[in-house]
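Here the structure is laid out as structure tokens; the discussion comes afterwards.
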Amino acid sequence: FDNCTSLISITIPDSVMTIGDSAFFNCSSLTSVTIPDSVTSIGNGAFFHCSSITGVTIPDSVTTIEKDAFRKCSNLISVTIPDSITTIGDLAFSSCVSLTSVTIPDSVTTIGLGAFSECDKLESVYCQATIPPLGGNKMLGINASDRKIYVPTESVDAYKSAEYWSEYADAIIAYDFENGVVVEPEVSANNEIRYTATAKV
């Protein structure tokens with residue numbers, strides 16, 4: 001369906017297991033897409049430059065979001081990444097300039113190069129994994145918008161020292177995912193850092 005620029009909506013049937021490379025490339029009028037639970041992979045550039053899509057729910061059956069899958073979906077405001085995902089490919093959500101928040105589940109072990117680069121309005125990244133996923137260069141882009149990266153309280157130091165995560169060290173914040181609250185650092189008399197839960201975010 002690439003370059004079907006007048007295609008507005010599509011429902012993918014339950015018989016489909018894979019959305020192939022560039023399947024909906026530059027379907028610039030596509031506003032709605034239903035991805036069934038039968039789909040296990042979303043290919044390279046599958047929805048590249050589908051600039052009218054505002055939201056997408058990826059089913060629990062999908063394990064990999066390939067390179068460029070949702071790149072330049074410039075009106076994408078929200079995306080649900082399920083616990084089944086293990087890999088977010090290079091530039092997968094690059095240039096999604098309307099995306100404001102994303103939650104990366106603890107199932108994700110790899111985030112590719114520039115996966116969320118040039119997402120200018122991305123203010124909050126919630127990364128639930130206690131072990132920092134393997135990162136790629138500029139995976140969260142250049143943090144010029146005071147973006148906050150919320151990680152499990154016990155993992156703050158691990159994230160701040162991990163390769164590629166370390167470039168965002170100043171933006172990494174301890175977060176209690178169970179209670180949905182930020183955990184503020186406190187320095188004790190013997191210079192130990194302790195954390196105290198504060199406002200819900």
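Projecting the Cα atoms of Met139, Ile173, Thr153 onto the charge dipole of the chain, computed from C-beta unit charges around the Cα centre, puts Met139 farthest toward the positive end.
As a fraction of the 1.4 Å probe accessible area of the chain, surface on carbon and sulfur atoms comes out at 49 percent.
Taking N as the residue count of the range 55-143, its C-alpha radius of gyration divided by 2.2 N^0.38 Å amounts to 0.94. Remark: the chain is approximated by an ellipsoid whose semi-axes, taken from the C-alpha gyration tensor as √(5λ), come to 33, 16, 14 Å, largest first.
With contacts taken as Cα pairs under 8 Å and at least 6 residues apart, the chain reaches a relative contact order of 11 percent. What is the local net charge at Ser166, summed over the other residues whose Cβ is closer than 12 Å to its Cβ (Lys, Arg +1; Asp, Glu -1)? Charge balance in the 12 Å sphere: -3.
Neighbours of Pro105 by Cβ distance under 13 Å: Lys/Arg scored +1, Asp/Glu scored -1, total -3. Summing charges over neighbours of Gly20, with a neighbour being any other residue whose Cβ is under 15 Å away from its Cβ, gives -3 when K and R count +1 and D and E count -1. Computed with a 1.4 Å probe over protein heavy atoms only, the accessible surface of the chain comes to 47 Å² per residue.
Looking at the chain, what % of its DSSP beta bridges pair antiparallel, to the nearest 5? Antiparallel bridges: around 25 percent, rounded to the nearest 5.
The values are calculated or read from the model by the stated rules, or taken from the named source; none is laboratory data. Not measured: the values here are computed from a predicted model. Note that each Cβ is placed from the backbone with ideal geometry, even for glycine, and that neighbours are counted across all protein chains shown. For accessibility, only protein heavy atoms count, side chains too; no ligands or nucleic acids. Shrake-Rupley method; radii C 1.70, N 1.55, O 1.52, S 1.80 Å.
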